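Input: a single structure, listed below in structure tokens.
We did not get these values from a lab; they are worked out from the coordinates using the rules stated. All of these numbers come straight from a predicted model, not from anything done at the bench. As a convention, Cβ positions derive from the backbone with ideal geometry for all residues, glycine included, and neighbour counts pool all protein chains shown.
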Amino acid sequence: MRQVSPESEHIYDLIIKLYKDCKGDWKGLQQKTGISDDDLNHFLHYATQFLANGGNYKGFGDSKFMPRISKQDLKSLCSNDNVTLIMYEQVKDAMYADVDVAKMHLGYPDGGHVSTYYPDSPNITTEEITIVSEFLDSKGLLPENTRLKKVEGGNFELLLASSETAPSRLDIKETKLTLEGKLAGKTVTFKYGDHSKQMKTVAEAMREAQKYAGNEHEEKMTGEYASSFETGSQEAFKDAQRHWIKDKGPVVECNIGFVETYRDPHGIRGEWEGFVAMVNKERTKAFGALVDAAPELIPKLPWSKDFEKDKFLAPDFTSLEVLTFAGSGIPAGINIPNHNDIRQNEGFKNVSLGNVLNSKGANEKIPFIKESDLPIYEKLREAAFEVQVGLHELLGHGCGKLLQETEPGVFNFDHKNPPLSPITNKPITTWYKPGQTWGSVFSSIGSSYEECRAECVAMSLCCDFPTLKIYGFGDGSKDINGEAGDVLYAAYLSMARAGIAALEFWDPKSRKWGQIHMQARFAILQTFLSAGPEFCRLDYMKGDLSDLTIFLDRSKILSEGRPVVNLLLQKLGIYKSTADVEAGTKMYQEITHVNAFWAEKVRPEVLRQKQPRKVFVQSNTVIGEDGNVKLVEYESTCEGMIKSFAEREYI
Ligand code: ZN
């Protein structure tokens, strides 16, 4: 919260104090203080959003939000206890709307925005931040756990998060450096001990956890974490990450630290986060079986073995269930560490968070699915999603071969007798030249294109009944009306629906897609539609499309759906394999083009039916009298949300 706004910690304290004042009996507090039902509700909703976002700015969007309860009524709510009232007086101005519009957003201080990564430094300029950052980078200092302050005389202080104020281990020996260039003569003084109280608590917990390490990597990891939080050494933190990636497939997975750099306007300082998650053993078994079946499944893809690797290598992927995720929001997946040198030379973990992806709100509406399809869709969308995720991550991203001239004159395919392209039936004419990679050739279009390729693999292979059997659906025989057929139908409906909902992430001003996966799903919906209205179409009677639903004929998935998906997949796969960025880009731009109908008719309806962003009520763990760990869960209500935080305080 300290990384969000100066007032966030104090607002948090006020919320928890109010909870303690009334011991969770909000109705009782309402009656004592005489505020209305609506006012109490407004406060509870504000508190819930605040806790979910870890502060009074949105974790996703960085804009400030304010309570709907008036200042006067909030004051009444706080007036039952003198201390609470004083706490209210301290935060009331910061909680409510600023006359200053710029302060409604996190950003660089010289733009008038709020950023506590540059505390008490309203006069620090973006240029100064840039110069100091580049200078420290040139000295080899990693910035994730730092804050930068401008002090008297135009000098700077770099605050480093550590429990020790004079650490025993230093990444850089000097504690004062003199700047060069435009800021020549100005100094940067290193101040250790930022967030020292919190760093001490975390480091102590790590030392305690170390005693229970499951293996050597976990032991070293927890030790390096403790060392990093004690001394502020980011090199120690990197070592912790190195051991973390080597700790493959643990039953309990965790990570903690200054990780993602989205919220620092300069994009280099990390936001504190931590999570604990557990492996879903059932699902892991299915994923393992899928990888084992890869040699039989991959030949079913629409290209010959010339375009496939000799030996299938599954990408690193685990699906976890989150126990707790602390931060400004919960992602649906994690791909860390972010340090490029570790990623390239030592690896990373690619993790999807199953219970985040599959969560649904109590009264969540499902737009665009026909009334008659709702029972099957609601029953099986999670199952269908499981099937889709496994196929997408493991086989989708794992299949296909890049045809390369690895060094001048050396090829990883028979270049004298090149393979035939299944698209043209002629020998291929393009391939990756020495030094070229998939990323360098397809550059900006590449990431969405690759997601589309992986999604198509999933949509193609989920039509295969033996594949569905691996997940425990059906007996492997082709029965579109059986249990496995139901899952397949739910998967196709789900993809079509995602293709419509995707328009939320298309920006009409720039006419660009803002989310690579959603762009990919739009492409696949267009592909379904290309099979003709008897297989898939949009149904509506009203001119404003307010009754828009998807029609999809399940009896035609195998005969019409899979062939059109395969056609798209073949192009995506072959153009990728052969480095044909020209044809690939042209094709992908065409299929993800948003025409007037989709932009002006469908998109407004998508926005109108948009469901609110989810807020997650998380459980706590306590050690029971019998010495075993107990899971304490809470109601998925505003009251439950506040209670879960308040009880976390006591523990
Ligand atoms: Zn993917």
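Here are a few things to note about the model shown:
- Neighbourhood net charge (13 Å Cβ-Cβ; Lys/Arg +1, Asp/Glu -1) for G249: +2
- Full extension of the chain between K512 and N338 yields a length gain of 60.0 nm, computed as 0.36 nm times the residue separation minus the alpha carbon distance.
- Ascending count of other beta-carbon atoms within 10 Å, so fewest first, for C536, C456, C638: C638, C536, C456
- Loop-located trypsin sites (Lys or Arg not before Pro) in region 336-370 whose Cβ has at most 11 other Cβ within 10 Å (DSSP): K365
- For the chain, adding -39500 (n - 2.57) for each run of n ≥ 4 DSSP H residues and dividing by the number of residues yields -13500 deg cm²/dmol at 222 nm.
- Spacing of the modelled spin labels on V151 and A102, each 7 Å from Cα toward Cβ, amounts to 2.6 nm.
- When DSSP beta bridges are restricted to pairs lying wholly in region 109-196, around 55% turn out antiparallel.
- Label-zone membership for region 84-111, site F65, 7 angstrom Cα→C-beta point, backbone N under 16 Å: 95-97, 104-106
- C-alpha long axis of helix 581-591 to longest principal axis of the chain, angle in °: 80 degrees
- DSSP finds beta bridges in the chain, and of those with both partners inside it, around 80 percent are antiparallel.
- With R₀ set to 41 Å, the beta-carbon distance separating D547 from E9 gives a calculated FRET efficiency near 0.30.
- Charge dipole (the chain, unit charges on Cβ, about Cα centre) - positive-most of P508, N595, C399: N595
- Short-range pairs are left out: with C-alpha atoms under 8 Å and at least six residues apart, the relative contact order of the chain is 10 percent.
- Restricting region 617-651 to GluC sites (Glu not before Pro) that sit in a DSSP loop and have at most 15 other Cβ atoms within 10 Å of their own Cβ leaves E625, E633, E635.
- The value of relative contact order for region 272-609, using C-alpha pairs under 8 Å at least six residues apart, is 19 percent.
- The HN-Hα couplings worked out from phi for region 277-283 by the Karplus form 6.51 cos²θ - 1.76 cosθ + 1.60 (θ = phi - 60°) are 9, 10, 6, 8, 5, 4, 5 Hz, whole numbers, x standing for Gly and Pro.
- With only Cα atoms counted, the chain has Rg and Dmax values of 27.4, 87 Å.
- Farthest towards the positive end of the charge dipole of the chain, among the residues I336, L290, T429, is the Cα of T429, using unit charges on the Cβ of Lys, Arg, Asp and Glu.
- Residue-count net charge about M495 - beta-carbon cut-off 12 Å; Lys, Arg +1, Asp, Glu -1: +2
- Those GluC sites (Glu not before Pro) in region 282-349 that DSSP places in a loop and that have at most 16 other beta carbons within 10 Å: E346
- Check: the chain dipole with +1 on Lys, Arg Cβ and -1 on Asp, Glu Cβ, in debye: 940 debye
- Degrees, to the nearest 10: 638-650 long Cα axis against longest axis of the chain: 60 degrees
- Taking the charge dipole of region 600-651 about its Cα centre, with +1 at Lys and Arg Cβ atoms and -1 at Asp and Glu Cβ atoms, the residue from V617, G640, L607 reaching farthest to the positive side is L607.
- At full extension, R608 and N80 could sit 186.0 nm farther apart than now, given 0.36 nm per residue minus the alpha carbon distance.
- Computed E for V410/D137 - FRET, C-beta separation, R0 45 angstrom, nearest 0.05: 0.75
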